[in-house]
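Take this structure first; my questions come after.
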Amino acid sequence: MPAVTRVFETIGTATVARSADEARDFLFLRDGDGITMNRDRLLADAKAIALQLADDYVPPEPTEYALPGPTAATAMTLVLDDFRRAGKATDHDVVVGKALAWVLSGGKTDITETITEDHLLSLERRTIVELLKKSSTLDRIEHMLETGKPLRN
């Protein structure tokens, strides 16, 4: 549950790193990940690393997760409701947050069961499709594409 909660807080608060060191602190980067300081070198450096990795690429072993399920989703929802009452979250923030909580908790699972990465990705995909059916979500996407800034609706 602590790992799920940390990810929920990081995503839910739209945490961004202002530096590579901070990105490592947030676990966005691993210790072995490279850093390109010169923006003009980003594409060339990324291509070189991708080609290097492709030489001896072996697909990773399938990963299974033991996630806490609906109980954890409910706990995260209580936090969202508190944020809404305190004026820190809009109604649609709560809708998106509940969807995030459902995916991060593993949906209809139990901590004693394991789910595959494919199952988790399928859950994420279904949840995103449901969010895309809401006009508020589409408004957020359109606003971000037009202005480069998030919409709080």
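Determine the calculated [θ] at 222 nm for the chain from helices alone, applying -39500 (n - 2.57) to every DSSP H run no shorter than 4 residues and normalising by the residue count; nearest 500 deg cm²/dmol. Present the calculation step by step, with values, prior to reporting the outcome.
Working: 7 runs with 90 residues, N = 153.
It lands at -18500 deg cm²/dmol.
Which of LEU132, LEU104, LEU120 moves most in a GNM of the chain, Cα contacts under 10 Å?
LEU132
Separate question: Could you check which residue among ALA17, ALA44, ALA73 shows the biggest mean-square fluctuation in a GNM of the chain with a 10 Å Cα cutoff?
The residue that fluctuates most here is ALA44.
Considering only C-alpha atoms, what is the centroid distance from the range 64-105 to the range 106-153, in Å?
One Cα centre to the other: 12 Å.
Here's another thing I want to ask about it. What's the lysine pair count for the chain at a Cα cut-off below 28 Å, pairs eight or more apart or interchain?
So the count works out to 12.
Also: Rank THR114, THR36, THR13 by mean-square fluctuation in a GNM of the chain with C-alpha springs under 10 angstrom and give only the top-ranked residue.
Among THR114, THR36, THR13, the largest mean-square fluctuation in the Gaussian network model of the chain belongs to THR36.
Another question, if that's okay. For THR13 paired with ILE111, estimate the spin-label separation in nm (one decimal), with each label point 7 Å from Cα along the Cα-to-Cβ line.
2.4 nm
Follow-up question, since we're still on this one. Report the gain in length on full extension from GLU22 to ARG39: 0.36 nm times residue separation, minus Cα-Cα distance, nm rounded to one decimal. If you can, show how the numbers build up before the last one.
Details: separation 17, 0.36 × 17 = 6.12 nm, distance 1.83 nm.
Additional length available on full extension: 4.3 nm.
A short reminder: the numbers here are calculations on the coordinates, not readings from a lab. Just so it is clear, the structure is predicted and the values come from calculations on it, not from any experiment. Note: ideal-geometry Cβ built from the backbone for every residue, glycine included; neighbour counts use all protein chains shown.
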